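The values are calculated or read from the model by the stated rules, or taken from the named source; none is laboratory data. Fair warning: this is a prediction, and the values are worked out from it, not measured in the lab. Virtual Cβ from ideal backbone geometry, glycine too; neighbours counted across all protein chains shown.
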């Protein structure tokens, strides 16, 4: 997924920095610019990738903790596509809790259809407001909607897109990225948003409605570590970021917590089965 620096109309693909680690409970990806959950899967009947046509979720707009040490940014969203490393598209909508260089917090609503830049919309949102967001795709038509349930206002827009990516669905918190004219991109400082709790998460894949934890697909937790040194070979190195909590028993909710220092989960060796000889 990608977000834009609202001072620049340029975007960066989020999934390109994802790395896979095997945790004690479940596999987890480590990303340089977002945290949350992503789902994907294969249709057991056709063998093709599951096509997700709807994603939705709710959250309470976090309050950014700002200082005068520099600008920082955070975004919260639901989206379709963009998770695969070779993805060229993404459809998402969400909110932002940002800090300017003077230490003043700013809050906004936006949507984005990658490869186009994000668009800020004229819908007010404030810390503590409960919002509900959704993305729906039918053919080449994408409908994005965000309701401010606290203020009883909403934004909805129908858009046309050449080739939407429907191979995944996501719920996340992100450190936006900025790119120059040569598409050289860097992750912007992540604002201290405290925590954000996603609730009422739902998704439809191949006409099957479900939650994040539905057995029809695979859910992957994503850890955000903004330190670019993180790699499979330097797993002990960490940086500021955010970590998702475990899913609720019904798979409809989880929280993401900002952390000053995040160390990725240690890779867990695979235990060979009796039919699989171990590697020397």
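Of the residues 236, 255, 248, which is more than 19 Å from the chain's Cα centre (by Cα) and either part of a loop (DSSP other than H, G, I, E, B) or at pLDDT 85 or above (or both)?
236
Give me the residue from the range 13-43 that is assigned to a loop (DSSP other than H, G, I, E, B) and surrounded by fewer than 16 Cβ atoms within 10 Å (Cβ to Cβ) and, out of that set, modelled with the highest pLDDT.
This residue is 43.
Can you pull out every residue in the range 44-64 that is farther than 20 Å from residue 89 by Cβ and modelled with pLDDT under 95?
Residues satisfying the conditions are 44, 45, 46, 47.
Would you pick out the residues in the range 58-72 that are over 14 Å from the mean Cα position of the chain (by Cα) and in contact (Cβ under 8 Å) with a residue 60 or more places away in the chain?
60, 61, 62, 63, 64, 65, 66, 70, 71, 72
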